[in-house]
Amino acid sequence: MIKTIWSDNVDTTAYPRPQMVRGSYENLDGEWDYKIVAGEYSPKANDSYDGKIRVPFALESPLSGVGRHLKADETLVMRRTFAGRAEDKFLLHIGAADFFCIVWLNGKELTRHTGGYTAFEAEAVAEEQNELVLVVRDPSEHGVGARGKQRERGGGIWYTPQSGVWQSVWLEYVPDTYVTRLKITPSVKDDSVNIKVFTNTGTKNFIFVDEDGKPFDCTDGEITYKVASPVYWTPETPKLYHFEIIVDGDKVKSYFALREFAMGKRKDGKPCFLLNGKPYFMTGLLDQGYWPDGIYTPPNDEAYIYDIRLAKRMGFNTLRKHIKVESMRFYYHCDRLGMIVWQDIVNGGGKYKSFWTMVAPTIKINIKDGEANYRRLAREDETGRKLFEKEMAETVEQLYNCPCIALWTVFNEAWGQFDSQKMTQKLLELDDTRLVDSTSGWYDQGAPVRSIHRYILPFRMPKRDSRHVVLSEYGGYSMKVPGHVFNEKKTFGYLVYSNKDKMNAAIEKLLRKQILPAVEQGLCAAIYTQLSDVENEQNGLVTYDRKVVKADEEVFAVANALMCSAVTDED
């Protein structure tokens with residue numbers, strides 16, 4: 001096993017949800033009892049356990065202390081006790097548990113949740129001593145729910161599956177009336193922000209306290225607050241405005257940014273994306289969020305910060321969060337450090353029935369994704385389609401308040417793709433303030449954003465297409481660094497190079513001969529594959545353990561600066 005540079009400094013105690021902070025936070029991460037049983041399971045008094053597992057790391061990960069795969073017909077049982085403030089109300093939060101989780105508290109079922117990528121919570125009343133038991137099942141690719149790139153037998157672009165709790169478990173004490181959710185919508189046009197406050201009792205009375213400590217009494221459940229001398233959020237100037245909401249005895253702290261993403265045109269009439277009303281080229285990296293020691297979970301916050309700062313150092317202003325939803329702390333660091341995020345909705349669906357489904361895009365044959373092609377695209381299962389809608393809605397609601405998120409990707413390369421026009425409309429009903437890449441890379445259904453993936457073959461801007469064209473995946477140049485790889489015997493990449501000089505020379509040629517000319521011709525954004533190596537993929541700009549930067553940082557910094565300057569309206 002290779003380790004990241006943070007493997008021996010594990011720390012998950014930072015507040016898990018910076019977008020809505022309470023002072024009564026108590027972290028429940030750390031050592032739990034665990035066992036694995038066959039079939040379904042309900043907790044019993046005086047249960048015995050097999051050993052210890054470290055939360056919030058998936059069962060399969062080295063940092064969990066177990067490193068064992070959970071089969072589709074098995075159940076993971078996790079238990080811990082904690083002291084409570086007797087008879088006080090609290091909210092139990094679970095950042096993410098893959099895939100189906102039943103929560104038991106003090107011998108009674110408290111709640112259950114389906115879906116491995118979104119947070120859930122439940123209200124409870126504490127006893128002096130409390131027993132918390134989580135019962136988790138995960139079918140991985142044998143199920144119909146979202147699973148990302150997990151596969152029982154990894155290899156190539158598929159990776160080690162992971163099961164159980166993989167984001168923090170925590171609680172916070174609340175009064176009888178408390179805030180359940182905030183919905184924060186900025187307006188650059190008006191230099192204002194609209195904040196809607198939702199509570200458990202439905203009360204619409206609250207106090208808004210601005211960054212200067214000035215209180216405003218609100219009686220209709222929302223406030224539109226105008227910012228004096230506004231500073232707009234950009235990757236270059238990531239200004240955040242902090243505020244507090246008070247409802248009876250409940251106080252939550254949060255923040256917003258003044259920023260707006262839209263589609264428009266450059267001075268020369270070519271399509272472009274707009275940031276705060278001005279042309280802005282989004283140049284980014286595919287970021288899959290994998291770690292050799294924690295799989296989906298980094299050892300600590302510094303790991304997130306390292307990746308973001310490395311990307312910025314090379315002149316990138318965007319990360320495409322690929323087929324995964326991260327901890328809320330990741331988005332917070334992107335908000336405060338200045339990194340745009342394209343967020344994928346995590347895919348589900350079954351295994352393709354025919355190899356033709358994968359071959360068709362390479363020879364420019366398109367497939368419509370309606371009911372007639374549910375079978376061809378492995379989406380016959382109605383339960384799976386409904387689960388996708390549910391998880392998409394949960395993802396959008398959970399991440400809505402993150403200023404960094406500019407674009408939602410609904411489907412990637414036809415993985416679980418179905419009714420994309422309907423699903424895109426449903427997403428826009430949830431959030432019409434951001435851009436949408438409806439079908440990234442493969443079966444184009446005519447959405448306003450045309451999204452192309454291009455590896456190995458040369459990229460040229462499409463002719464006779466007036467839509468906003470993005471190159472949502474390109475590059476994939478690969479080089480192995482012995483001693484810093486997941487598997488010394490296997491290498492995957494779209495073009496493989498023997499040393500750093502050859503790889504970087506090829507990258508520089510790609511950027512100057514293909515990407516820069518495309519930007520000048522109207523390309524709106526470009527996402528290079530990828531930020532880090534992932535398992536057998538060695539096409540990252542940094543190794544999987546984050547110890548060796550393979551890319552020539554100056555090559556990317558210069559090229560990215562040229563791309564951005566080609567789009568800006570400034571003289």
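Just so it is clear, none of the values below were taken in a lab; they were calculated from the coordinates. Everything quoted here is computed from the prediction, not taken from an experiment. We place every Cβ from the backbone using ideal geometry, glycine too, and count neighbours over all the protein chains shown.
Among the listed pairs LYS270/LYS463; LYS189/LYS265; LYS204/LYS251; LYS52/LYS390; LYS89/LYS253; LYS35/LYS351, a Cα-Cα separation exceeding 24 Å is found for LYS52/LYS390; LYS35/LYS351. With neighbour counts taken as other beta-carbon atoms within 10 Å, the residues LYS480, LYS108 rank, fewest first, as LYS108, LYS480. The radius of gyration of the Cα set in region 47-169, together with its Dmax, comes out at 15.0, 52 angstrom. Distance from the C-alpha centroid of region 148-166 to that of region 494-571: 26 Å, rounded to the whole angstrom.
What the Cβ-Cβ distance of ARG313 and LYS502 gives, at R0 = 25 Å and to the nearest 0.05, is a FRET efficiency of 0.65. Less than 5 angstrom separates the built amide H of LEU286 from those of ARG320, TYR528, THR529, LEU531, all sequence-distant by 5 or more or on a different chain. Packing, as the average of other Cβ atoms within 10 Å across residues, places the peptides 317-323, 46-52, 134-140 in the order 317-323, 134-140, 46-52, highest first. Its DSSP H runs of at least 4 residues, each contributing -39,500 (n - 2.57), put the calculated 222 nm mean residue ellipticity of the chain at -4500 deg cm²/dmol, to the nearest 500. Counting only cysteine Cβ atoms and a cutoff under 4.7 Å, the chain contains unmatched residues CYS101, CYS218, CYS272, CYS402, CYS524, CYS564. In plain terms, the chain from THR111 to GLU488 could stretch by 131.3 nm, reckoned as 0.36 nm per residue minus the Cα-Cα distance.
Placing one equal scatterer on every Cα of region 284-567 and applying the Debye formula, the log10 ratio I(q)/I(0) at q = 0.11, 0.13 Å⁻¹ is -0.64, -0.92. Using the average count of surrounding beta-carbon atoms within 10 Å as a protection proxy, the listed peptides 71-79, 370-378 rank, highest first, as 71-79, 370-378. Stretching the chain fully between ARG68 and THR237 yields a gain of 56.4 nm (0.36 nm per residue, less the alpha carbon separation).
For region 357-364, backbone phi angles converted through the Karplus equation (6.51, -1.76, 1.60; θ = phi - 60°) give residue-by-residue couplings of 4, 8, 7, 3, x, 5, 10, 6 Hz, Gly and Pro being listed as x.
Near the amide H of GLU152, within less than 5 Å, lie the amide hydrogens of GLU141, all on another chain or at least 5 residues away, with H placed in the peptide plane. Binning the C-alpha pair distances of the chain at 20 Å intervals from 0 yields a P(r) profile of 20, 55, 23, 1 %, listed from the shortest bin outward.
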